[in-house]
Every structure is written in C-alpha cells, then in structure tokens.
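Report on the structure given below.
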Amino acid sequence: MACLHGVAVGQPASRTNPWEPKAIGELPPIASLTDGMWLKGELHIHSRHSKDASNNPIAKIVDFSKAVGMDYLAITDHDNHVQGDVANHTWADPEFKSDSILMLYSSEWTTSRGHGNVFSATPYDNQRLYDVREQRDVVVEAVKKGLGVHLSANHPAGGNPWGYSYDMVESIEIWNSALWPKNANAVVIWDRVMLSAGRMVTGRGGSDTHHGIPDPEKGEKEEQNTRQAAYNYVGTPTTWVFATSRTSQAVIDALNNGRVSISLNPYAPRVEFYADLDQDGTMDMMMGDNAKSTGKPVKFRVQLAGSLVPGGTYTISVVKNGRKFEAFELSDGTATVEFTDTPAALGRTYYRVEVQGPPTPYPEVPKSVEISDNMVGFSNPIYFNFDPNF
Ligand SMILES: [Zn+2]
Ligand SMILES: [Zn+2]
C-alpha cells in the first residue's frame, strides 16, 4: 500500500503529526498550531498552453491572482497537448513568474483513464509520467514516487472520472469550479469510500478555469467561451493551506498533511477545525492531524475565519465516519462552535466539517455565487487511530 502522505521532495516520509501512542503531556502545545500561516491559492487552471483554453495567457492569470490576494498558484496545462513535455511550455514561458505569488510547477496529467494534477516545488520531468499513462498503476506509482511529486485525482466523478487506484494520489479534487451540487459525487468518493476505508487523503479544490475574462481595454470581446469566466475563474473555489513557511515546498507539505481548507472564493470565510485532545482548554490538533484515541472525550472547535456575510446564518455540518453527526447554526456574527465527542478507543474515527450559508460576493467573478448552491466551505478531517503507513 502507498503511504498517502508525507512523500515530499526533500522531506522525511512522515506526517507532521504521525500516529504514535503519546502521553498527553507530549502532545504539541497550541504554539505548534499557530507556528505557521494560512496561504490561499488556486490549484487547477489552464493557460493558453492548453489547446482547449482561450484568452488566458499566464501573465493575465498571475495579475488577476495577485489582485485578489492569492499567495500561491498552480497553472495546470494539459500535458497531452504538449505530449508530456510541459517543461518546454508552461513554466518555460517567460510570463511564468511573480514577485509575490508562489508559483508551483504543475500540469494536468491527461489520460484516457482520468486526469490528475501534478504539484511540485521544483521543475520535474513530466515526460516520464506521460510515457507511462497507459500502463498499470503500480508502474505509474513507481514513476511518480521517483519524481517526488504530489499527484492529485481531478474531478474524480466528472466527465473524465479517475480510473486509477486512489492509493497513488495524495489528494482528491472534491470541489471543481464553484458548482454545486454537481461535485457531491466527488465528496462521496472521498468520504464514503477513501476516508472510510482508512485512507488519509487530502480534499482540495480547483476552478479548472479554461478561459480568461475579456479585457475591453485590449480590444478583447466577450465570446461564448470567455463568458464562462464570469462564473468560474481564479479562486472558485479557493484552497487554503496551513503552511509552516511561505515557500512552495511548505504549500505542498501542507497539501500532503491535510492541513487544508476549501472556501467558495478568496473572500468567503475559511473554516478551521481544531481539537483539544485532553480538554485542558488548549487546542492541540487541527485538520489533517492524526492522534491515538485515549478513549476519553475530546473537545472540538469549528471556527469561521474572515468576514461573515452580515445577517447571514451558516450551517456547520459535522460528518463522523462518513455519516452526518451533528449540525449547528451560527448567526448574528457568531463564528465559533464547540462540541464534544469520544472517538473509539479501538478502531478508526474521523470528523470533518462542511459549511453552508450565504455566498460571499466575489465581484471579480460575479456570477460564481449563482452556481454554488450556498456551499461555503470544507475542512479536512481530524483523524484518530489512522495508520499513516497504510
Ligand atoms: Zn481535467
Ligand atoms: Zn483541467
């Protein structure tokens, strides 16, 4: 079986908080949960180097991303359009640079058995993955491990469903474009199949934008393709990572470790999910973390960070082991709710959170809020008794 997390370039093959029996006093203090930063970004977008994209040069994507405050960006052009030779296209483009945004090295591995995004902090040889795309999973996975890249299953229940083993991916795209409820089946695969079967696989988002917003000052006219950009562009949805530093490698480490939250757009509230294992008043775990259950009650905290829609009511749905566990309503500006539960002393337990409520306006992509069906955000799970080596 694959180790689903922690195989990052230059990093030891272990999670930030691996499953190990620990005395309560040895658990990380709250400082370890604040010793980092939330970075937001886009993990799935096509530039003009994808043949099915239009009006979307890299500079346009980068400028827009900067304008809406993105911290990192993964431009994921289809590798079949350039026969795997992405190194000579997306990141060889002189426009592939930014003075403020962390630029991941990425592509969309595009095969007849599904699409997967490759994320790397450094350039990698995409040709090697392209060359084995028709081969068996065990061959593909060996190449992926050799490259030291993060592989993520795209739109797993969409028009090009993921047909490889999920054991070879570190993450799943559970929210592709702002659209709901179309993504619900991707969540079923993630939650009811992979998490429930003991896989600590990270859920992430990505707009999968193919077309840029027309710029009238440059004489660009609105066409059928570019009209889509009013519904779907950079940040619909936005993926937040809790990174230990402002580096591309830290972004990928956070993706590997599941310290990831997804929000409708860059301005929508970010859902944060913590646990206080020993109920001493100090939160000592956050989403993505995995601990051995003590068989005693654990206090959980859900927090909406950022601006709430004034007068809005948010529904916080807690999912435990693939089933709805509890739901809470937050209104009048309240942004935090706490609950207590006892993870089983033996066997796996996980908890995750979904948030629904009023969509925060995104003036730069104004129609995106019309298709989101009030979905606001997802946390990744907090795990108990999961085996990270599974
Ligand atoms: Zn795709
Ligand atoms: Zn795509």
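Every number in this text was worked out from the coordinates using simple rules, so none of it is lab data. This is a predicted model, so every value here is computed, not measured. Ideal geometry is used to build each Cβ from the backbone, glycine not excepted, and the neighbour counts take in all protein chains shown.
When each of K51, K40 is scored by the number of other beta-carbon atoms lying within 10 Å, the sequence from fewest to most is K51, K40.
Working from Cα positions, state the angle (0 to 90°, nearest 10) between the long axis of helix 137-147 and the longest principal axis of the chain. The answer is roughly 80 degrees. With both labels modelled 7 Å from their Cα along Cα-to-Cβ, the S196 to D85 distance reads 4.6 nm. Counting only DSSP beta bridges with both residues in the chain, the antiparallel share comes to about 75 percent. Do any of K144/K221; K97/K218; K60/K367; K40/K324; K66/K324; K144/K296 go past 31 Å between their Cα atoms, and which? Beyond 31 Å between Cα atoms: K144/K221; K66/K324; K144/K296.
Neighbour counting of Cβ atoms within 10 Å sorts the residues T236, T111, fewest neighbours leading, into T111, T236. Each of D137, D77 was scored by other Cβ atoms within 10 Å of its Cβ. Arranged with the fewest first, they read D137, D77.
Positive-end ranking of T226, P381, L43 along the dipole of the chain, with charges on Cβ about the Cα centre, is headed by P381.
Helix-only arithmetic for the chain: the sum of -39500 (n - 2.57) across DSSP H runs with n ≥ 4, divided by the residue total, places the mean residue ellipticity at 222 nm at -3500 deg cm²/dmol. A full extension of the chain between K218 and S165 corresponds to an added length of 14.5 nm, given 0.36 nm per residue minus the alpha carbon distance.
Mean separation of Cα pairs under 8 Å and 6 or more residues apart, divided by the residue count, gives the chain a relative contact order of 19 percent.
Projected label points at S112 and E134, each 7 Å from Cα along the beta carbon direction, are separated by 0.7 nanometres. Taking only Cα atoms, what is the 0 to 90° angle, nearest 10, from helix 248-257's long axis to the longest principal axis of the chain? Once rounded, one gets 50 degrees. In this calculation the C-beta distance from Q127 to E370 is compared with R0 = 35 Å, giving a FRET efficiency of 0.30. Between K324 and D280, what is 0.36 nm times their sequence separation minus the Cα-Cα distance? Round to one decimal in nm. Working it through step by step, the gained length comes to 13.1 nm. Running a GNM on the chain with Cα contacts under 10 Å, which residue among L39, L330, L104 ends up with the highest mean-square fluctuation? Ranking L39, L330, L104 by mean-square fluctuation puts L330 first.
The magnitude of the dipole of the chain, with charges of +1 and -1 set on the Cβ of Lys/Arg and Asp/Glu and taken from the Cα centre, is near 620 debye.
Each residue, K182 and M37, gets one label point 7 Å from its Cα in the Cβ direction; the gap between the two is 3.5 nm. In the chain, the longest principal axis of the Cα atoms and the axis of helix 58-67 are about 40 degrees apart.
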